[in-house]
1. Go through the stretch 69-113 and give me each residue that's among the acidic types (Asp, Glu) and in a loop (DSSP other than H, G, I, E, B).
2. Hey, can you tell me all the residues within the stretch 683-725 that are more than 21 Å from GLY615 (Cα to Cα) and at pLDDT 85 or above?
3. Of the residues VAL556, VAL483, only one is surrounded by 14 or more Cβ atoms within 10 Å (Cβ to Cβ) and touching a strand residue (DSSP E or B) at 6+ places or on another chain (Cβ under 8 Å); which?
4. From GLY440, GLY507, which residue is buried (at least 17 other Cβ atoms within 10 Å of the Cβ), under 29 Å from the mean Cα position of the chain (by Cα) and in a helix (DSSP H, G or I)?
5. Considering only the stretch 183-196, I want to know if a residue exists there that is at pLDDT 85 or above, over 23 Å from HIS90 (Cα atoms) and not assigned by TED's automatic domain parsing to the domain that holds ALA70.
6. Among the residues of the stretch 285-292, is there at least one that is over 26 Å from the mean Cα position of the chain (by Cα), assigned to a strand (DSSP E or B) and either surrounded by 19 or more Cβ atoms within 10 Å (Cβ to Cβ) or of a type in the set (A, V, I, L, M) (or both)?
7. Tell me, which helices (runs of 4 or more DSSP H) wholly within the stretch 144-218 include 2 or more residues that are within 23 Å of GLU75 (Cα to Cα) and basic (Lys, Arg)?
8. Being out of contact with any strand residue (DSSP E or B) (no Cβ under 6 Å at 6 or more places or on another chain) and surrounded by fewer than 17 Cβ atoms within 10 Å (Cβ to Cβ) is the filter; apply it to the stretch 455-475 and report the residue that is nearest to GLU498 (Cα to Cα).
Amino acid sequence: MPTEQPVIDLEQERKEILKRYRGLLKACKRRLEKGDKALIRKAFNVALEAHKDVRRKSGEPYIYHPIAVAQIAAEEIGLGTTSVVCALLHDVVEDTDISLDDIRGMFGEKVAKIIDGLTKIAGVFDARTNSLQAENFRKMLLTLSDDVRVILLKLCDRLHNMRTLESMKRDKQLKIASETLYLYAPLAHRLGLNAIKIELEDLGLKFTEPEIFGDIETKLKESEPERKKFIQKFIQPIKEILAEQGFKARVFGRPKSIFSINNKIRNKNVPFEEIYDIFAIRIIIDSKTEDEKSDCWRVYSIVTDFYHPSPDRLRDWISTPKANGYESLHTTVMGPEGKWVEVQIRTERMDEVAEKGYAAHWKYKDQGEADRENQLDDWLRRIREMLESAEENALDFIDDFKLNLFAEEIFVFTPRGEMKTLPVGGTALDFAFEIHTKVGEQCIGAKVNHKLVPLSHPLKSGDQVEVITSSKQSPKEDWLGYVVTARAKSKIKNALKEVRRKIAEEGRETLERKFNHIKEDFTIQNIQDLANWYKLPSSQELFYRVAMGNIGLKHVKEWVKNKDKPNKSSNKQEPTLEQVVKQVRGDKSSDSLVIGENLTKIDYKLSPCCNPIPGDDVFGFITINEGIKIHRVNCPNALQLMSNYAYRIVKARWHGQELISFLAGIKVTGIDEVGLVNNITHIISGELNVNMRSLSFDTNDGTFEGTIMVFVHDSHHLTELIGKLKKVPGVLTVKRINPS
C-alpha cells in the first residue's frame, strides 16, 4: 500500500519563512548601515525565488537553510552585511540557474568573489557521499587566501547541517559527523570560534557515538540541581566582594562540553562521577582597554584570597595570548566541600573574542588590536606556504595540517628576545625552520638557555634558543622524526625531493649512455617500459635507482632480452576499487555488506585495531590489497577513514554468527578482597558459560587490576557479562578493552 504524502500548507510555510527572515534582520540590527537592509532583502528575494521548488531531506523548504546560515553568521560570529548576503546566496550558483556573473551584476565583485570561493568548496565534495576527500582539501584551503569569510561562512553552513543531521541516513550521518570532528572543529578552534567548535564537537560525538553522548547528557541533567547549588554557594561571596571593590562583573558557572568530558573519561580512565572539573566558573568584568590586564589580576587576587589556588594550575593567556587570539586567566582553586574548581577571569572584550574569534577582533581593531589581525594574516600566510610547497601525498598533508590546528602552544625566545610560538613538543629543529627555511636546512644544533642541545631537543615555554648552522649541512631523511610542525615537515620533504631530483638527473644521463652502449633507442616509451618492467612508479624513480647503482647494465640487457615476452606478473589484473565496490554492492536488495553469510567472492577481515564482535555498530573499509576490513564505528581510526576515504566505506551488518565465538578483552579494577577472583571466575564460567582464554590479576597495596580474555557470541553477550561483573562486591570498574 503506497504511503500517503504529508499535506503541505504553503500559506503556513510562507508565514514561517517571513518570520525567520525578520529574525535574521533582528540579528543584523546592531551592524546595519544605510542601504544594508535593502541589500539583504534583495539577496533574500533572489535566494527565495531560486530555491522556491526545492526541499531539504527533512521535507522543509530549502530556503530555511540559507536563512539559518546567515543567522549563524550574524548572531553567533558577528559578521556584517556582506557576509549575510553571501550566506543567503551561498547555494544559488551551485544549485540553480543563476550564474556567478548574475551575482556580480546584482551585488558587486566582493560578494561574487566570496560566493565563488564557497562554490569551489562545494565542488570539492564527493557528490555521492557529500564527503570531503583528502585529495581536494587543499583546494578548500586555497579559498582562505582570497577572503577568510569564505571559511567562516563554510563553518556556519556546516554547523547548520550538523544541527539538522537527524533527517539523514545513518551512514551519511557517520561520514559527515566524522569529517566534522576530523577537520571542521579543529578549523573553528584555530580561528578562535570557541562556541562553534564546542557545538561541532558535541554534535559530532552525538552522531558518531550516540550511546556515549546520551549517557553523559543524562548524567549532566541528573547532576544539574546539585551542581547549581554548589555553584551558587561558590560564587555568592565573590560577587559580594567584587561589588564592594567597584567591579561591574558577571559571575556564572557553565558545564564543560560533553565532548571534552568524554575525552577526560577516556584519557584519565575514570568514570563520570570522578571528574572534578565538569564545570568552570567564569568571571567577566567590564573594564577599560588600558586597565584590562591589571583589573584581571586584581580579580585573581580577590578569588585566591578567598579560595586556595593550586600553584601548578595557573594559566596566563593575558600576557601571552594563544595563537588564535584567546585571552584569559585560568586558575584552579579549592572550593567548598573539598572540590577543585576551575575559574576563568576575562573582560567583556576578551569574552567576545574567545567566543566569536577573529571576527570579533575586527570590531576592536581601532583600539590597538591590529597585531591580532596580523596573527591571522600570519597564519593564513603559513597555510599558503604549505599549499604551494605541499607534497604529492594529500593525506600526509592533511595529517600535518590538522596536527597544527589543534596543538597547544609554547612560547620560546630568540637570543634578541623576540617571541616565537610553537606547538607543544616543538623541537630545536622546528624553531630553526620557524626562523627561516635556510636556517632550518643548515641547522647542526642549538643552544637552549646557553647549553648545547641536539636537533631533536624538545623545547619548553620560556626557553631562549640560539640556532647553530653550517653551510655544509643539508636536510636528512631522519629529520622528519625530529620535527612536529607542518611547516618544518613540508620544508624538509621539499629539500629531500630536490636532492632526489638532482640525483635522478645524473641517473638519466647514465641510463642514456647505457642505452647507447647496447644500441637501444632512448625514447620515452622505452624508458616507461623499463620502469614498468621493474614495477617502479615513475621514470624519475628509475633514474634515481640507476644513479644509486641499483639498476645497472645487466638489468637493462635483461629487459631488452625479455621485453617482447609477456611479463607474467604484470598480466595478473588487480581488481579496481570500483569493481570491488560493485561486487560488495551487487546485492540489489541491500547496499550493506553482510558479515557471516556465504560471501564466496568477498574477502573480508575483522580489523585488529578495534576487534569488532557481532552486535557492534560496524562499517566495511575497502583496502587496496587486503580485501575489506571491518571496523567498529568508534574505532580510533574510524574518524580518519571516514573523512579521507569516504568513497571506500561500505555499510556492514552482522548475520548468522550466533554459534561462533569472538575474542573480547575486559579490564576489572577494585579493592582486593578474599575470594574476589573466585567470584569473578564463577560468574564468567559458571553462570554465563563463557570460555576464558586468559586471566591475569595484579594486586598492589589493597587494590587490584585484572585483565580477562573471553570468548563471547556478540556485544549483548559481552554487555551482560560486564553488567554482572560490576555487581561483584569489591569491583569498582569493568570496561571492554582491545584484546590485541
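The values are calculated or read from the model by the stated rules, or taken from the named source; none is laboratory data. Everything quoted here is computed from the prediction, not taken from an experiment. Please note: Cβ atoms are built from the backbone with ideal geometry, for glycine as well, and neighbour counts cover all protein chains shown.
1. Our first condition is that a residue be among the acidic types (Asp, Glu); within the stretch 69-113, this holds for 75-76, 91, 94-95, 97, 101-102, 109.
Within the stretch 69-113, ASP91, ASP97 qualify.
2. Correct list: GLU705, GLY706, THR707.
3. Details: VAL556 fails: touching a strand residue (DSSP E or B) at 6+ places or on another chain (Cβ under 8 Å).
Matching residue, one of VAL556, VAL483: VAL483.
4. Working: GLY507 fails: under 29 Å from the mean Cα position of the chain (by Cα).
Unique residue meeting the criteria: GLY440.
5. Scanning the stretch 183-196, I find no residue that is at pLDDT 85 or above, over 23 Å from HIS90 (Cα atoms) and not assigned by TED's automatic domain parsing to the domain that holds ALA70, so the answer is no.
6. From the stretch 285-292, those over 26 Å from the mean Cα position of the chain (by Cα) are 285-292; that's our starting set.
Next, from what is left, pick out any that are assigned to a strand (DSSP E or B): 285.
Now narrow it down to the ones that are either surrounded by 19 or more Cβ atoms within 10 Å (Cβ to Cβ) or of a type in the set (A, V, I, L, M) (or both): 285.
The answer is yes; a qualifying residue exists.
7. On the way: elements: 148-163, 170-179, 185-190, 194-208.
Ranges flagged: 148-163.
8. Result: SER474.
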